[in-house]
1. Filtering the range 262-297 down to residues that are aliphatic (A, V, I, L, M) and at pLDDT below 75, which residue is farthest from the chain's Cα centre (by Cα)?
2. Give me the pairs: first residue in the range 340-367 and over 16 Å from Tyr303 (Cα atoms) and open to solvent by 10 Å² or more (accessible area, probe 1.4 Å), second residue outside any loop (DSSP other than H, G, I, E, B) and modelled with pLDDT under 70, beta-carbon distance under 9 Å, and six or more apart or on different chains, which are they?
3. Which residues, taken from the range 187-221, are among the β-branched types (Val, Ile, Thr) and open to solvent by less than 10 Å² (accessible area, probe 1.4 Å)?
4. Would the range 211-225 turn up any residue that is of a type in the set (A, V, I, L, M, F, W, C) and touching a Leu at 6+ places or on another chain (Cβ under 6 Å)?
5. Please work out if Val146 is open to solvent by less than 20 Å² (accessible area, probe 1.4 Å) and in contact with a strand residue (DSSP E or B) (Cβ under 9 Å, 6 or more places away or on another chain).
6. Pick from the range 389-407 the residues that are outside any loop (DSSP other than H, G, I, E, B) and at pLDDT 80 or above: which of them is surrounded by the fewest Cβ atoms within 10 Å (Cβ to Cβ)?
7. Scan the range 51-65 residue by residue and report those that are of a type in the set (A, V, I, L, M) and open to solvent by 30 Å² or more (accessible area, probe 1.4 Å).
Amino acid sequence: MVNGSSINSAPWQGRIIHISDVEGDWDYLTRSLSHYAPVSQLTEHLILPDDHCFVFGGDAVDGGPGDLAVVTFLVALKERYPDRVVLLAGNRDVNKLRFLSELRPEYIERTREHDVIVPWRQGILSFHEYLEQNPLQTHSLTERTVAYLKWMLQYSMGAPHAFEFRAQELDTHDPVAILNSFRASIAPGGILAFYLKHADLVKGIGNTLFVHGALTPRSCPNRDVSVTQWIEQTNRTYHQQLDAVMDDLNQNYSPSHLAPLVYSSLSSDILNGRSLMTETWLGTDHIPHLSPTIATWLHREGYYRVVAGHAPCGDHPIMARTSLHDSRNKECQLFIHDLRYSTVGGRSKQAAALLCIHQSVDESYGFVDGVRHDGLPYHQTYPKLDATGTLVGDVSETFSWVGKKVCFGPSNEHWLVTLENMQTEECLLYRKIEFDVQYRWAGMYELRVVPSDK
């Protein structure tokens with residue numbers, strides 16, 4: 001790859017480094033990058049080697065005291081390497097567009113007589129109920145706006161500590177300064193507005209497709225066109241809707257009547273899985289999988305791998321594999337890289353990792369350099385694919401369990417093989433129920449591969 005060449009040039013060769021769902025945690029971002037030697041020397045700026053590109057998978061804000069620092073870093077990186085840095089829009093990034101309408105004085109004044117509810121979340125306090133528990137002191141418009149922002153972040157954006165995190169980042173206890181900071185970040189010319197303007201919903205690089213949420217038959221129903229056409233149409237629609245929201249500063253949207261783009265950033269449940277930002281890869285068996293229908297559509301046009309975030313996957317990225325119906329040696333790989341819940345029971349981000357995709361003329365493969373939540377560093381290389389999306393080598397002799405859905409135990413529980421120890425002939429199994437990530441080691445001789453879904 002020549003110096004400064006574009007990832008839009010086909011075929012693209014080199015390495016792609018990926019991280020997602022940083023959610024305002026600057027320490028997590030820097031620790032993740034530090035485990036990959038070619039970019040480990042991070043000071044104020046990240047220096048990308050000439051044969052590398054960088055993909056941020058979305059959700060830059062909400063979960064830590066570094067929202068502004070993280071977004072500023074990503075925007076600066078995009079400006080420095082416009083052709084080798086990809087920013088994806090996550091639901092937590094896009095839903096901040098609601099500030100443009102719901103923090104307007106006219107809208108806040110209306111809340112004095114009309115209550116506001118969260119129609120997509122059951123059992124959540126309405127704004128008036130919130131005020132009953134958190135009474136206003138002066139009843140001024142500014143105080144009411146601050147209260148509405150706190151209610152909005154906690155109950156309709158899933159960011160209960162975001163207001164306090166912003167106070168920490170700004171080093172202020174002035175609620176008006178914090179309110180103005182949230183407003184300014186998404187206003188035209190603001191740092192988060194700039195991020196969204198230069199982001200996409202989906203990106204193809206070489207034989208790998210990147211998205212924040214999930215590609216399923218529900219979130220990707222229009223498969224009559226080529227994958228390339230679908231990518232172009234999806235991103236064009238995103239930017240048209242973003243421009244419409246940003247250009248209409250007199251909009252009067254409410255939580256029950258949102259602009260289409262903002263609506264698509266809401267819960268996957270209310271959207272019935274129709275959004276690329278919020279759809280999940282998890283099946284009814286609690287194991288991530290890539291639909292064979294989607295896999296075949298992608299594979300037919302030279303996309304053999306999907307990389308995503310949005311779905312917490314424990315303390316290291318995981319891979320699932322879907323074999324194509326017409327060939328046992330051809331497959332499509334799914335990587336999920338979201339370490340928000342690296343330990344069971346809540347957000348810790350004690351684990352950190354960087355996912356890398358290596359692409360050359362002859363073969364491509366993924367690998368991870370990182371550290372688990374218990375401090376144990378690791379390197380994992382995943383099965384290689386050749387230029388036609390076929391597993392490299394004699395599959396019968398070099399079969400790798402990693403990424404396979406397996407049955408284990410007398411009850412035939414479904415698990416995913418996520419790490420492999422060839423010395424002990426053991427595999428680390430994974431599954432997730434809600435936010436409860438479960439792991440266990442099992443001998444390779446104990447495992448039985450689950451046939452691909454038809």
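The values are calculated or read from the model by the stated rules, or taken from the named source; none is laboratory data. As the structure is a prediction and not an experimental result, all values here were calculated from the model. Positions of Cβ are backbone-derived with ideal geometry, glycine not excepted, and every protein chain shown enters the neighbour counts. What goes into the accessible areas is simple: the full protein's heavy atoms, side chains included, and nothing from ligands, DNA or RNA. Shrake-Rupley method; radii C 1.70, N 1.55, O 1.52, S 1.80 Å.
1. Going through the range 262-297, the residues aliphatic (A, V, I, L, M) turn out to be 262, 266, 270-271, 276-277, 282, 287, 290, 294-295.
Filter again for at pLDDT below 75, leaving 266, 270-271.
Numbers: Leu266: 14, Ile270: 19, Leu271: 17 Å.
Going through the qualifying residues, I end up with Ile270.
2. Filtered contacts from the range 340-367: Gln350/Thr343.
3. Correct list: Val202, Ile205, Thr208, Val211.
4. Within the range 211-225, one or more residues are of a type in the set (A, V, I, L, M, F, W, C) and touching a Leu at 6+ places or on another chain (Cβ under 6 Å).
5. On the way: open to solvent by less than 20 Å² (accessible area, probe 1.4 Å): yes; in contact with a strand residue (DSSP E or B) (Cβ under 9 Å, 6 or more places away or on another chain): no.
Here the answer is no, as Val146 does not meet what is asked.
6. Checking each candidate, the answer is Cys407.
7. Those that are of a type in the set (A, V, I, L, M) and open to solvent by 30 Å² or more (accessible area, probe 1.4 Å): none in the range 51-65.
Quick grid of which residues meet (1) open to solvent by 30 Å² or more (accessible area, probe 1.4 Å); (2) more than 22 Å from the chain's Cα centre (by Cα); (3) of a type outside the set (S, T, N, Q); (4) over 15 Å from Ile336 (Cα atoms):
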| residue | (1), (2), (3), (4) |
| --- | --- |
| Gly409 | no, yes, yes, yes |
| Glu413 | yes, yes, yes, yes |
| Thr418 | no, no, no, no |
| Glu425 | yes, yes, yes, yes |
| Tyr430 | no, no, yes, no |
| Asp436 | yes, no, yes, yes |
| Trp441 | yes, yes, yes, yes |
